[in-house]
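As C-alpha cells, the structure follows; a few thoughts come after it.
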Amino acid sequence: MIDYSSYEDLLIEKDKGVMTITLNTPQTMNAFSPAMHHGMSRIWTDVHDDPEVDVVVLTGAGRAFSAGGNVVAMQKKIDDTDLWDKGMPESKRIIFRMLECDKPIIARLNGHAVGLGATVALFCDVIIAAEHAKIGDPHVNAGLVAGDGGAVIWPQLVGFARAKEYLMTGDLMTATEAERIGLINHVVAADELDDKVYSLARRLASGASKSIRWTKQLVNIPLRQLAHSMMDLGLSVETQSNSSADHQEAVTAFTNKQKPNFTGG
C-alpha cells in the first residue's frame, strides 16, 4: 500500500478503484502553493504504481478548480530568482508524469480553471465542467509566457488559430464555449457534475483495465514527444519573462488593484 500522507495541500481519497485528488487551498481558490506544486510533480508516479487505483478524479476544494499562480508568490520569485529556478524541474515533471501515468485521469471542473490550473486540467484525459466554470490561460496578462504546458496542449485540442488567440489575449471562456470548440469533453449543470464524473470513473474502473491503460499510453505518445520537444524552451522563455518589467508591472498592479500599464519591457 502506498502512503499518501506526506502530500500537503492535496486531499487523497480512494473508493473501489477510484482515487479522488483534491487541490486543497480553497482560501486562495486553489492557487498552486509550493507544497501543492511539489506534490503534483510527484503524485502521478505513486498513482501509476498503486495497484489499488484504476481511475483518478482530479478536482478542487471550494468554489474553484484552480486559480493557477499565486500573485504573492510571484513577487517572491521576482525578488529571489532561486525560488523560480527551483520550481522549473517540478513544472516539467507535472506535465511529463501526468502523460506517463497509465491510469485514466478525469478533470472535475467544479469552478474556474485558470493558468496552470487550466493546463493541469487540459492534460487530464477527460475534462468535465460545471456550467458556471470558466477556463483560460492568462499568463500574458501577468507578463509571463505560457511555457509551463499551455503552449503544448491548447493547439492540440482546438487548433493553432484558436489556441494562439486565447493564449495571446489571456481571455477566459465559459465551459459551454470550451465544450463547443473541443477544449473540454462535457459541460453539465453543477448539481449533475458528480453523477457525470463518477459514473464515468466507475465505468472505467470496472472495464478492461489493461486495455484502457495501454490505449491511453498509445494515444499519449505524440503528446509526450511534443512535450519533450517544447517544454525546455517554454520554461526557458517563461523564466526570462519572470525578469521582465511587464511582469513586475502586472504583479504590482494586481497587488494595488489597478490595471497594468505594459510597456513591452
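Cβ contacts < 7 Å: first residue in contact (Cβ under 8 Å) with a residue 12 or more places away in the chain, restricted to the stretch 241-265; second residue outside any helix (DSSP H, G or I) and surrounded by fewer than 16 Cβ atoms within 10 Å (Cβ to Cβ), any location; separation 6+ or different chain. Result?
Ser244/Gly265; Ala245/Thr263; Ala245/Gly265; Asp246/Thr263; Asp246/Gly264; Asp246/Gly265; Glu249/Asn261
Scan Asp191, Asp171 and give me the residue that is part of a loop (DSSP other than H, G, I, E, B) and either free of Cβ contacts under 8 Å to residues at least 60 places away in the same chain or under 20 Å from Gly62 (Cβ atoms) (or both).
Step by step, each of Asp191, Asp171 is checked, and only Asp171 is part of a loop (DSSP other than H, G, I, E, B) and either free of Cβ contacts under 8 Å to residues at least 60 places away in the same chain or under 20 Å from Gly62 (Cβ atoms) (or both).
In the stretch 214-265, which residue that is under 22 Å from the mean Cα position of the chain (by Cα) and small (Gly, Ala, Ser) is nearest to Asp80 (Cα to Cα)?
Result: Ser241.
Out of the residues in the stretch 33-56 that are surrounded by 14 or more Cβ atoms within 10 Å (Cβ to Cβ) and part of a loop (DSSP other than H, G, I, E, B), state the one that is nearest to the chain's Cα centre (by Cα).
Of everything passing the filter in the stretch 33-56, Ser33 is nearest to the chain's Cα centre (by Cα).
If you scan the stretch 144-157, which residues turn out to be surrounded by 17 or more Cβ atoms within 10 Å (Cβ to Cβ) and either at pLDDT below 95 or farther than 16 Å from Lys92 by Cβ (or both)?
Across the stretch 144-157, the qualifying residues are Leu144, Trp154.
Looking only at residues that are basic (Lys, Arg) and surrounded by fewer than 18 Cβ atoms within 10 Å (Cβ to Cβ) in the stretch 57-92, which one is nearest to the chain's Cα centre (by Cα)?
Arg63
Tell me, which residue of the stretch 67-96 that is in a helix (DSSP H, G or I) and small (Gly, Ala, Ser) is modelled with the highest pLDDT?
So, considering only residues that are in a helix (DSSP H, G or I) and small (Gly, Ala, Ser), the one modelled with the highest pLDDT is Ser91.
Name every residue in the stretch 113-143 that is closer than 28 Å to Lys259 by Cα, outside any helix (DSSP H, G or I) and touching a helix residue (DSSP H, G or I) at 6+ places or on another chain (Cβ under 9 Å), in order of residue number.
Result: Ala113, Gly115, His132, Ala133, Lys134, Ile135, Gly136, Asp137, Pro138, Gly143.
Filter the stretch 1-32 for residues that are assigned to a strand (DSSP E or B) and farther than 16 Å from Ala61 by Cβ; which is farthest from the chain's Cα centre (by Cα)?
Asp15
Residues to consider are Ser206, Ser244, Ser211; find the one that is crowded, with 16+ Cβ neighbours inside 10 Å, over 14 Å from Lys92 (Cβ atoms) and not charged (D, E, K, R).
Ser244
I'm checking my understanding of the structure. Among residues of the stretch 21-32 that are touching a residue at least 40 places away in the same chain (Cβ under 8 Å) and polar (S, T, N, Q), which one is surrounded by the most Cβ atoms within 10 Å (Cβ to Cβ)?
Once the filter is applied, the top-ranked residue is Asn30.
Among what's in the stretch 175-193 and is farther than 27 Å from Ala161 by Cα and surrounded by fewer than 17 Cβ atoms within 10 Å (Cβ to Cβ), pick the residue that is nearest to the chain's Cα centre (by Cα).
Looking at the filtered set, the residue picked out is Ala190.
The values are calculated or read from the model by the stated rules, or taken from the named source; none is laboratory data. None of these values were measured; they are calculated from a predicted model. Using ideal geometry, Cβ is built from the backbone for each residue, glycine included, and neighbour counts are taken over all protein chains shown.
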